[in-house]
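Step one of this worksheet: look at the structure below.
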Amino acid sequence: MLALIDSNNFYVSAERVFQPELKGWAGCVLSNNDGCAISRSNEAKKELGIQMGTPYFLMREQHAAGKLWWRSSNYTLYQDMMRRITKIVRRSFPDQEIYSIDECFCDLTGHKYVDLESEAVALRARILKWTGVPVCVGIAPTRTLAKIANKLAKKQGRSTGVFLMDTPEKIQQGLRDTEVDEVWGIGPQYAIKLMKAGVYTAYDFINLPEDYVLKLMTIQGRRTYRELRGERCIPMEYVRADKEGISTARSFGGFETELLPLEEALATYVANAAVKLRSQGSVCSKLFVFAHTSRFAVVSDRYSAGLEVKLDVATDDTGVLISKALYALRKFFVRGYRYQKVGVELKGLKPASQVQASMFDQVDTEKSLKMKRALAVIDGMNREYGRDTVRYAVMGYEKKWFMRQEFLSRKFTTRLSDVIVVKAK
């Protein structure tokens with residue numbers, strides 16, 4: 001059996017843990033640049049009808065009327081809360097795969113002589129007591145079925161917050177209660193095709209001929225089909241595979257017309273990407289830099305460009321990568337446009353142990369070792385004291401170009417000055 005532990009309305013729930021005055025009334029967390037709703041409380045969904053992706057400006061009247069609260073995305077807080085939750089889960093179910101920031105899968109193969117439902121109920125209560133974040137648990141023979149079990153635990157409003165699909169009868173009923181467009185692995189386009197063919201539920205889907213599913217939805221659709229029929233086709237990933245590419249990009253809080261803010265932003269993104277590169281023990285052999293204006297601008301005011309730069313020797317050195325990235329940006333930057341976004345993608349990744357020197361490269365082993373040690377120290381200091389505590393000068397300091405976060409809450413668990421202080425009288 002497999003379990004899926006999924007946090008309910010995670011971003012909203014994390015905000016409410018440290019701001020209890022927000023409990024009991026409608027609220028949502030906004031996307032980057034406070035653009036649209038990406039997490040909604042149950043009250044916002046049911047009472048105000050706010051949909052995922054509802055633009056900020058369409059909710060202003062409700063906010064002004066005092067019916068709705070909102071917060072900017074506080075990813076530092078959310079990541080730390082998820083770290084705490086997965087640590088608690090690991091005490092009960094150690095075979096764990098962290099799937100996303102708000103959910104994790106657990107393999108329960110070694111728990112066959114345990115009352116899984118009671119164990120899951122106790123785990124859910126422990127997470128709520130120790131973190132304040134409500135979760136639901138779905139347990140089933142495969143990952144796709146566990147997804148369905150988790151959704152049913154939420155949808156049916158079960159008091160335990162746990163749904164166990166451990167018999168053919170329970171699985172069949174769960175499939176009947178799940179619409180085909182809610183199945184993990186069936187996208188909107190395939191759902192439309194299936195509904196046109198008279199397939200409206202997951203139960204209808206598993207009763208199709210397998211050859212028909214393969215022809216209509218390719219090998220991925222057949223994998224979902226088999227998973228729903230109880231066959232494990234998606235293995236657990238206890239250790240995440242190294243990334244084949246690392247991208248970092250953000251839209252600006254406004255529009256930028258000068259080169260300097262673009263350079264500061266790009267240098268910051270390259271530095272962040274380089275940390276991820278070193279953390280998985282990789283180097284990159286080329287990088288792609290791009291920038292563009294708003295796609296909603298009039299045609300004459302639109303501009304989009306990018307340039308790929310190949311490195312003579314693959315590296316993880318932040319200074320070298322920033323230098324190459326800025327070279328690319330300066331090559332295609334055109335003054336006069338209102339830029340909305342700049343970004344970088346590190347490509348051609350390989351293990352640091354497989355670096356091949358260039359024929360024309362003047363290798364200075366002592367200098368390379370010193371730089372490697374320096375980067376390790378810088379990474380350690382930034383982990384200890386906060387990102388960009390030690391930075392390259394070109395990254396700037398004021399970050400006026402940074403994305404808009406007008407409603408950002410405090411970093412309650414990761415910044416000493418933001419920790420809640422309780423005074424006893």
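The C-beta contact set for the stretch 74-98 (first residue part of a helix (DSSP H, G or I) and at pLDDT 90 or above, second residue buried (at least 17 other Cβ atoms within 10 Å of the Cβ) and of a type in the set (S, T, N, Q), distance under 6 angstrom, 6+ apart or interchain) comprises Asp80/Thr413; Arg84/Thr131; Ile85/Thr131; Arg90/Gln96. Among the residues of the stretch 32-55, those that are among the aliphatic types (A, V, I, L, M) and either in contact with a Leu (Cβ under 8 Å, 6 or more places away or on another chain) or crowded, with 18+ Cβ neighbours inside 10 Å (or both) comprise Ala37, Ile38, Ala44, Leu48, Ile50.
Quick one: would you say Ala273 is on the phi < 0 side of the Ramachandran plot, at pLDDT 90 or above and touching a Leu at 6+ places or on another chain (Cβ under 8 Å)?
Details: on the phi < 0 side of the Ramachandran plot: yes; at pLDDT 90 or above: yes; touching a Leu at 6+ places or on another chain (Cβ under 8 Å): yes.
Judged against the criteria, Ala273 is a match.
Do we find that Leu346 is in the same structural domain as Glu263 (by TED's automatic domain parsing), in contact with a Cys (Cβ under 6 Å, 6 or more places away or on another chain) and closer than 27 Å to Leu260 by Cα in this structure? Answer is yes for this residue.
Based on this model, can you work out whether Val239 counts as buried (at least 17 other Cβ atoms within 10 Å of the Cβ) and farther than 21 Å from Ala305 by Cα?
Details: buried (at least 17 other Cβ atoms within 10 Å of the Cβ): no; farther than 21 Å from Ala305 by Cα: yes.
Considered against the rule, which asks whether it is buried (at least 17 other Cβ atoms within 10 Å of the Cβ) and farther than 21 Å from Ala305 by Cα, Val239 comes out as no.
Of everything in the stretch 303-342 that is in contact (Cβ under 8 Å) with a residue 60 or more places away in the chain and assigned to a helix (DSSP H, G or I), the residue that is surrounded by the fewest Cβ atoms within 10 Å (Cβ to Cβ) is Arg330. Scanning the stretch 134-180 for residues that are outside any loop (DSSP other than H, G, I, E, B), over 25 Å from Val17 (Cβ atoms), within 27 Å of the chain's Cα centre (by Cα) and of a type in the set (S, T, N, Q) returns a single hit, Thr144. In the set (1) among the small types (Gly, Ala, Ser); (2) in contact with a strand residue (DSSP E or B) (Cβ under 9 Å, 6 or more places away or on another chain); (3) not assigned by TED's automatic domain parsing to the domain that holds Glu227, Gly110 fails one condition alone, (2).
The set of residues in the stretch 310-329 that are among the aliphatic types (A, V, I, L, M) and either farther than 21 Å from Pro261 by Cα or not assigned by TED's automatic domain parsing to the domain that holds Phe290 (or both) comprises Leu311, Val313, Ala314. For the condition without any contact (Cβ under 8 Å) to a residue 24 or more places away in the chain, within 25 Å of Ser7 (Cβ to Cβ) and crowded, with 21+ Cβ neighbours inside 10 Å, Ala202 does not qualify.
Rundown of residues vs (1) closer than 20 Å to Gly336 by Cβ; (2) within 26 Å of the chain's Cα centre (by Cα), yes/no style:
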{"site": "Phe255", "(1), (2)": "yes, yes"}
{"site": "Val283", "(1), (2)": "no, yes"}
{"site": "Tyr303", "(1), (2)": "yes, no"}
{"site": "Gly306", "(1), (2)": "yes, yes"}
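The values are calculated or read from the model by the stated rules, or taken from the named source; none is laboratory data. What you see is a predicted model; the values in this text were computed from it and never measured. Methodologically, a virtual Cβ is constructed for each residue, glycine included, from the backbone with ideal geometry; neighbour enumeration extends over all protein chains shown.
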